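Reviewing the structure listed below.
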Amino acid sequence: MGEAELRISQMEDKMGGLETDSDVAGKKVSALWDRVQALENHSKRNNVRLVGLKETYGTDGTLEMCVKKVLREGLGIVPEAEFEIERLQRVSAPVPNEGQPPRAVLIRFLRQSAREKVLRAAAVKRGVTWEGNRLSIFPDATKELAEKRKTFLAAKKALQQRNVRYTLAFPATLRFTWRGKNQRFTQAEEAERFINRHSNN
């Protein structure tokens, strides 16, 4: 009996060690994944996605010209030096069949300030119509970051209802000025609680 109890105790110690090793490994994998996401999103910090531009536009090498016309005629942005385009292309996907939505256009600006101004202009317009194309412009980000940014929708709506100007800064930080004080939130729930709590005061 004594020998059996000793073996059981040794087995329990080994199992405890395995569980600890598993927890440590899980935390390392999670930290590594977060780092990969941060690096990937950092590489996209100057990018936007233009959605809705018909496939027939830009097929003869004039895609950049079309995009500049969208900026100028659709958003009222003069494509000066600040809005220099480093590169652009349709996203890598099979060419859609007739009647299917066109592939998005991935636009990379040379300067991050251009990206932010384009996104702000698109938000004010709430969609752009250009030569029969109903267009939308979104930040280019990983799926995970896009989902996190989407969690701020309720907070942004609450600020709009109160005529408070805000910025959803990259990667996902809500910034606004409330009664003369600058506020910043990286968690949507905290932003909503702050707005609701201080709106009643």
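Values computed for the structure shown
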| item | result |
| --- | --- |
| Filter result for Q112 (at negative phi, free of Cβ contacts under 8 Å to residues at least 40 places away in the same chain and of a type in the set (S, T, N, Q)) | no |
| Answer residue from region 118-129, given it is closer than 18 Å to R165 by Cα and either of a type outside the set (G, A, S) or at pLDDT below 85 (or both) and is surrounded by the fewest Cβ atoms within 10 Å (Cβ to Cβ) among those | R126 |
| The one condition in (1) modelled with pLDDT under 90; (2) within 26 Å of F109 (Cβ to Cβ); (3) open to solvent by 90 Å² or more (accessible area, probe 1.4 Å); (4) not small (G, A, S) that N201 fails to fulfil | (2) |
| In region 130-162, the residues that are over 15 Å from the mean Cα position of the chain (by Cα) and open to solvent by 50 Å² or more (accessible area, probe 1.4 Å) | E131, G132, R134, A154, K157, Q160, Q161, R162 |
| Sole exception among (1) over 18 Å from R134 (Cβ atoms); (2) open to solvent by 50 Å² or more (accessible area, probe 1.4 Å) for T56, by number | (1) |
| Unique match (being at pLDDT 85 or above and aliphatic (A, V, I, L, M)) among I8, I107 | I107 |
| Residue count for region 163-182, restricted to those that are open to solvent by less than 90 Å² (accessible area, probe 1.4 Å), more than 20 Å from the chain's Cα centre (by Cα) and either basic (K, R) or within 30 Å of N47 (Cβ to Cβ) (or both) | 2 |
| Matching residues in region 111-137 - criterion: being part of a loop (DSSP other than H, G, I, E, B) and over 23 Å from T59 (Cα atoms) | R111, R126, G127 |
| Qualifying residue in region 158-179 (condition: touching a residue at least 60 places away in the same chain (Cβ under 8 Å) and out of contact with any Leu (no Cβ under 8 Å at 6 or more places or on another chain)) | yes |
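The values are calculated or read from the model by the stated rules, or taken from the named source; none is laboratory data. Given the structure is predicted, the values throughout are model-derived calculations rather than measurements. Ideal geometry is used to build each Cβ from the backbone, glycine not excepted, and the neighbour counts take in all protein chains shown. For accessibility, only protein heavy atoms count, side chains too; no ligands or nucleic acids. Shrake-Rupley method; radii C 1.70, N 1.55, O 1.52, S 1.80 Å.
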